[in-house]
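Below you'll find the structure, written out as structure tokens, and then a few comments.
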Amino acid sequence: MKKKIFIVLIIVLLMIGVFFLGRQVGLNTQQNNTQIVTTEEKVSTQSIKKTLTSSGTVASKETEKLELSTTKYFEAVCVEVDDTISKGDKILKYTDGTYLKASKDCVIISMKLPETETKATSSNYVEVSYLDKLNISLSISENELASVKVGQEVEISLTADDSKTYTGKITKIDSVGTYSNSGTTFEATVEFKNDGNVKLGMSVSCTIIIKEEKDAICVPINAVATNSNGEKYVVKVDSDGTTEEVVVETGISDENYVQITSGLTTDDIVQIETEITKDANTSSNKNSNNMFGERGGQMPGVSGDMPSGGFGERPSGDSNKRGSSQNSAKGSQNSSKE
């Protein structure tokens, strides 16, 4: 009996050993399949925008119930519900040969008509939604509400054809929000003109331009990190090829670049470290958790100032510090200068 117990213990220990050995081999293989590639980029000037993104559906700005003549006798209807008609098209006919016509492009929403060859009453109507000016309702989180104003421009693209874009403006922001478990949201109304290609109910993606800086000094987002004192910095390449950490102040950012408000000029060159995965032939930045946070798949988000945001905003936050090898290299350079 003791012999059997001993054999079982030996088997269990062997299994545990094999498990941890395999795990360590896997980690070593993963580490050996990556390498750090260092590149340099000159500081540039460009236009940069801080934006919020959201989505919605297209609706008509104006819906009207057209009144029928109460002095004429109704003869026949010329359209059906859900028809799209153009300005001047016939909607219904009276017995005297005259017509009720569309004053502009519209969609027939509903109808309440009298009996044939009878006069209409005030309860009869043809309801239409006009197509010249359109609305989109967007949900804005309470965290982003302070950044959204009436009159702000909105870039609109159709989900079905994102190559076609429109420009709208925010015309209204609700004063009372709607609460849910994920937080309170406020409805913002965006108005834009139809070129004749947009249909009611189409889905769209909207980008709200919160702030724009033209001719801003910019560096790639990946070039900026945070040191142990909580200061943002870049690795600047000097004219003699040596490098130094330079503390910078940042402004707004987009998907790829961040504005530098102090610390660099357009003559400077900054260093960027990228982690390359050899076997997958793909790359990921060494500072993937930098000051702008993890960069993952979007619900479409925002580009913006350093403080982190909420709904629709590109994540931001402190970055991981650069590797100790870089700091060691800097230290050796400073020693050589002395």
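The values are calculated or read from the model by the stated rules, or taken from the named source; none is laboratory data. Just so we're clear, the structure is a prediction, and the values are computed from it rather than from any experiment. Glycine also receives a Cβ, built like all others from the backbone with ideal geometry; neighbour counts cover every protein chain displayed. Keep in mind that these areas ignore ligands, DNA and RNA; they rest on the heavy atoms of the full protein, side chains included. Shrake-Rupley method; radii C 1.70, N 1.55, O 1.52, S 1.80 Å.
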Of these, ASP215, ASP267, which one is modelled with pLDDT under 90, open to solvent by 40 Å² or more (accessible area, probe 1.4 Å) and farther than 28 Å from SER137 by Cβ?
ASP267
Reported set for the stretch 228-255 where residues are within 18 Å of THR274 (Cα to Cα) and among the polar types (S, T, N, Q) is THR243
State whether the residues of the stretch 22-32 include one that is surrounded by 12 or more Cβ atoms within 10 Å (Cβ to Cβ) and either at pLDDT below 90 or more than 28 Å from the chain's Cα centre (by Cα) (or both).
no
Going by the structure shown, is GLU115 modelled with pLDDT of 95 or more and not in a strand (DSSP E or B)?
yes
Scanning the stretch 76-117 residue by residue, the ones that are under 24 Å from VAL198 (Cβ atoms), of a type in the set (Lys, Arg) and out of contact with any Cys (no Cβ under 9 Å at 6 or more places or on another chain) total 2
Exactly one of LEU100, LEU113, LEU92 is in contact with a Leu (Cβ under 6 Å, 6 or more places away or on another chain) and open to solvent by 20 Å² or more (accessible area, probe 1.4 Å), and that residue is LEU100
The correct count of residues that are open to solvent by 20 Å² or more (accessible area, probe 1.4 Å) and within 22 Å of SER60 (Cβ to Cβ) in the stretch 167-185 is 6
If I ask for residues that are within 11 Å of SER69 (Cβ to Cβ) and either part of a loop (DSSP other than H, G, I, E, B) or of a type in the set (Ser, Thr, Tyr) (or both), which ones from the stretch 96-111 would you list?
ASP96, THR98, TYR99
Could you please find all residues in the stretch 140-157 being open to solvent by 60 Å² or more (accessible area, probe 1.4 Å) and of a type outside the set (A, V, I, L, M, F, W, C)?
GLU142, ASN143, LYS149, GLU153, GLU155
Only one of VAL204, VAL234 is open to solvent by less than 30 Å² (accessible area, probe 1.4 Å), assigned to a strand (DSSP E or B) and closer than 30 Å to ASP83 by Cα. Can you tell me which?
VAL204
Out of all the residues in the stretch 237-260, which are under 29 Å from the mean Cα position of the chain (by Cα), open to solvent by 40 Å² or more (accessible area, probe 1.4 Å) and at pLDDT 95 or above?
GLU249
What pairs can you find where one residue is in the stretch 67-93 and more than 12 Å from GLU117 (Cα to Cα), the other is among the acidic types (Asp, Glu), and their Cβ atoms are less than 8 Å apart, with a gap of 6+ or different chains?
CYS78/ASP89; VAL79/ASP89; THR84/ASP105; ILE85/ASP105; SER86/ASP105; LYS87/ASP105; LEU92/GLU75
Looking only at residues that are over 30 Å from ALA146 (Cα atoms) and among the charged types (D, E, K, R) in the stretch 33-75, which one is most open to solvent (accessible area, probe 1.4 Å)?
GLU67
So, SER308, is that one within 30 Å of THR184 (Cα to Cα), at pLDDT below 50, of a type in the set (Ser, Thr, Tyr) and surrounded by fewer than 20 Cβ atoms within 10 Å (Cβ to Cβ) or not?
yes
Could you check how many residues of the stretch 186-201 are assigned to a strand (DSSP E or B) and either of a type in the set (Phe, Trp, Tyr) or open to solvent by 60 Å² or more (accessible area, probe 1.4 Å) (or both)?
4
